[in-house]
Amino acid sequence: MSKIASLQAGLDRAAGRTAAAPTPVPIPEPPPVRTISPKAPSREGKVHIGAYLPAGFKSSLRLVQAQTGEDTQTVIARALNELFRGHNVPVIDLE
């Protein structure tokens, strides 16, 4: 107890006042944990495929994009389909 609080308590006792019972503080419930984040409609039925590669891969990918005018997803999908053809596995339609 701090010095001021103990002095105040002594004054209250001398004056015959009783300390009010402290009101219990309600413990807030933690917010519910979200397990599933909403997906953008454009991502429905799709999965993310990623890799950590040396910076040269990104530079070359950007050069291919500049030459073809295609977006990153299309360029990567075409490259993966070429890989699939080389290994004689099913090729995925780009829609």
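The values are calculated or read from the model by the stated rules, or taken from the named source; none is laboratory data. Just so it is clear, the model here is predicted, and its values are computed rather than measured. Cβ coordinates were reconstructed from backbone atoms using ideal geometry, including for glycine residues, and neighbour counts include every protein chain displayed.
Details
- Between Gly56, Gly50, Gly16, the distinction of being at positive phi and either loosely packed, with under 10 Cβ neighbours inside 10 Å or under 19 Å from the mean Cα position of the chain (by Cα) (or both) belongs to Gly16 only.
- Residue selected from the stretch 25-47 under the condition over 19 Å from Leu94 (Cβ atoms) and among the charged types (D, E, K, R), by the criterion modelled with the lowest pLDDT: Arg34
- Within the stretch 64-80, the residues that satisfy the criterion of being over 16 Å from Val47 (Cβ atoms) and surrounded by 13 or more Cβ atoms within 10 Å (Cβ to Cβ) are Val64, Gln65, Glu70, Thr74, Val75, Arg78.
- Test: residue in the stretch 87-95 that is in contact with a helix residue (DSSP H, G or I) (Cβ under 6 Å, 6 or more places away or on another chain) and exposed (fewer than 10 other Cβ atoms within 10 Å of the Cβ): yes
- The set of residues from the stretch 19-47 being surrounded by 10 or more Cβ atoms within 10 Å (Cβ to Cβ) and among the aliphatic types (A, V, I, L, M) is empty.
- One residue from Val47, Val33, Val91, Val75 being free of Cβ contacts under 8 Å to residues at least 60 places away in the same chain and assigned to a helix (DSSP H, G or I): Val75
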